[in-house]
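Read-outs throughout are calculated quantities, based only on the coordinates presented, and are distinct from any laboratory measurement. All of these numbers come straight from a predicted model, not from anything done at the bench. Note that we place each Cβ from the backbone using ideal geometry, even for glycine, and neighbour counts take in every protein chain shown.
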Amino acid sequence: MNGLRNLGLAASMAAMLFGAGARAESDYPNRPIHIVVPYPAGGIVDIVARAVTEQIGRDFKQAIVVEARPGANSNIGTAAVARSEPDGYTWLVTGPAVLVNPVLYKDAGWDTLKDFKCVGLAVWNQSVALVNPSMPVKTLGEFVELARARPGQFNFGNPGTGSSIDLSAQKLFQAANIKLTNIGYKGQPQALVDLMSNLMHFEIVSLALALPHIKQGTVKPLAVFTDKRVPDLPDVPTIAEAGYADAAYVPWYGIYVPSATPDALVAKIHAGINAALENPQVQRELSVADIPGKPMRLNDLAGLMRADHDKLRGVIEASGIKPQ
């Protein structure tokens with residue numbers, strides 16, 4: 001008799017818990033959503049996060065709190081989200097570092113495929129290869145020939161090991177078979193300043209950041225890391241047109257939640273992100289920043305995440321970078 005009573009009590013408790021969980025999912029979101037950007041405020045990832053998630057907040061009729069939480073090459077903010085409650089109220093907006101940092105760091109604080117689920121925001125960070133105007137080259141091919149003749153004598157301004165810019169550069173260096181001296185920076189802006197001052201010899205910079213300086217003539221563009229030519233730079237070839245199709249990597253940014261987040265919440269978040277990406281105002285903001293984006297299905301996002309996870313790890317291993 002006691003056994004039957006205990007079974008009945010357990011069933012009642014399970015039903016109550018299930019009902020509470022279902023109600024929590026049905027009225028989601030009923031409190032502010034916390035967005036973690038593991039990079040400094042004002043950078044490209046922060047711009048993307050705010051452009052898209054502010055619209056999501058308007059659509060959800062709920063407050064959105066965007067927190068820039070930089071440190072340890074994005075590991076601090078990323079690990080914090082991996083350890084957060086899988087309740088749909090903590091999101092991560094980031095680039096390729098979430099895919100490769102567990103290879104670059106012995107204790108990054110998460111396992112990419114086990115700890116995260118990509119729920120939306122496929123926007124591509126278009127970038128451009130730059131040199132100082134005094135560099136005696138007109139094309140990327142000419143720079144490659146010069147770099148091959150003087151291995152290690154030219155500096156590359158690297159805004160962060162494992163960053164989207166670093167990965168683009170490593171693919172180019174491997175495809176072109178050149179060796180540059182890596183000079184580390186905490187972000188793109190200071191590296192770009194040093195390039196304009198001729199303290200750096202070569203950099204790859206986000207198009208939105210580089211374009212004003214290209215127009216002013218303070219830097220010289222050699223190729224864009226895009227699938228087709230950029231309207232603002234019609235005379236600058238794509239990386240494939242420049243002869244290095246194997247280096248044609250265009251980094252993308254995603255929104256991630258802890259992998260244990262219930263499917264019903266994932267579906268709501270995904271729908272909210274895709275609706276925001278289709279909003280004309282968001283499209284204009286991303287266009288101004290030269291960051292194209294488009295809605296994607298969850299299965300396609302998962303496939304993109306797995307494919308780049310494997311591909312970029314191969315780039316890191318081929319570069320010879322040792323885990324820190």
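Dividing the mean sequence gap of close Cα pairs (under 8 Å, 6+ apart) by how many residues the chain holds gives a relative contact order of 26 percent.
Our compactness index for region 127-247, the C-alpha radius of gyration over the empirical 2.2 N^0.38 Å, is 0.94. Over all orientations, region 16-166 has a Cα convex hull whose mean projected area works out to 12.1 square nanometres. With Cα atoms defining each centre, region 252-275 and region 30-78 are spaced 14 Å apart in the structure.
For region 95-180, averaging the sequence separation of C-alpha pairs within contact (under 8 Å, six or more residues apart) and dividing by the residue count gives a relative contact order of 35 percent.
For Phe154, the residues whose amide H sits under 5 Å from its own are Thr181, ignoring neighbours fewer than 5 places away on the same chain, with H placed 1.01 Å from N. Remark: relative contact order (region 168-324) = 23 percent; criterion is Cα-Cα distance under 8 angstrom and separation of 6 or more residues.
Taking one quarter of the surface of the C-alpha convex hull of region 171-314 gives a mean projected area of 10.7 nm². Straight Cα distances below 16 angstrom link Lys106 to the lysines Lys322, with same-chain residues fewer than 8 positions distant left out. This structure gives percent of Cα pairs over 37 Å apart, computed directly, and of (i) 22; (ii) 12; (iii) 29 that value is listed as (i).
Mean-square fluctuations from a GNM of the chain, with a 10 angstrom spring cutoff on Cα atoms, peak among Pro262, Pro234, Pro251 at Pro234. Residue by residue, region 167-181 carries 3J(HN,Hα) couplings of 5, 4, 5, 4, 5, 5, 4, 5, 5, 8, 6, 10, 10, 10, 7 Hz when phi is fed to the Karplus relation 6.51 cos²θ - 1.76 cosθ + 1.60 (θ = phi - 60°); x denotes Gly or Pro. Taken about its Cα centre, region 215-255 carries a charge dipole of roughly 160 debye when the Cβ of each Lys and Arg holds +1 and the Cβ of each Asp and Glu holds -1.
So what's the net charge close to Gly184: Lys and Arg +1, Asp and Glu -1, counting the other residues with Cβ under 13 Å from its Cβ?
-2
With R₀ fixed at 22 Å, the C-beta to C-beta distance from Asp27 to Asn299 puts the FRET efficiency at about 0.25. Other residues lying with their Cβ under 10 Å from the Cβ of Asp232 contribute a combined charge of +1, Lys and Arg counting +1, Asp and Glu -1.
Here's how it looks for Val66: its modeled amide H is under 5 Å from those of Ile35, which are all 5 or more places away or on a different chain.
Under 19 Å from the Cα of Lys117, which lysines turn up, not counting those fewer than eight places away in the same chain? In chain and number order, the partners are Lys268, Lys294, Lys311.
For region 140-197 versus region 283-313, the spacing of their alpha-carbon centroids is 24 Å. Computed per residue of the chain from DSSP H runs no shorter than four, each worth -39500 (n - 2.57), the mean residue ellipticity at 222 nm is -14500 deg cm²/dmol. Positive contributions from Lys and Arg (+1) and negative ones from Asp and Glu (-1), summed over other residues with Cβ under 13 Å from the Cβ of Gln324, come out at +1.
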